[in-house]
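Everything on this sheet refers to the single structure shown next.
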Amino acid sequence: MLSYIKSNKIDAVIVYHSSRFSRNVLDFLLIKQDLAKHGTLILSCTEDNIGQDNPESNLISIVLSAINQY
């Protein structure tokens, strides 16, 4: 999936919950950064604002990632 995204053919990755995307904070942040570099958003069906690029979204993403890792 990541190699397909790098070819800039995907606008968004839709997940049910952020824990289905990653259960490691570092992995989540690195993948989110890589996706953003290619213009791809992460959208969750059950959580708001995890894929947007603003301070509130980044805080929510990091907190949820830490909870998922725990």
TODO: Report, by residue number, each residue of segment 1-20 that is under 11 Å from LEU64 (Cα atoms) and assigned to a helix (DSSP H, G or I).
DONE: SER18, SER19
Task: Residue in segment 1-20 that is surrounded by the fewest Cβ atoms within 10 Å (Cβ to Cβ), counting only those that are polar (S, T, N, Q) and within 11 Å of THR46 (Cβ to Cβ) - done: SER19
- [ ] May I ask you to list the residues in segment 21-51 that are part of a loop (DSSP other than H, G, I, E, B), surrounded by 14 or more Cβ atoms within 10 Å (Cβ to Cβ) and among the small types (Gly, Ala, Ser)?
- [x] SER22, GLY51
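Taken together, the values in this text are just the output of simple stated rules run on the coordinates, not laboratory data. What you see is a predicted model; the values in this text were computed from it and never measured. Because the Cβ atoms are built from the backbone with ideal geometry, glycine has one as well, and the counts that use them run over all protein chains shown.
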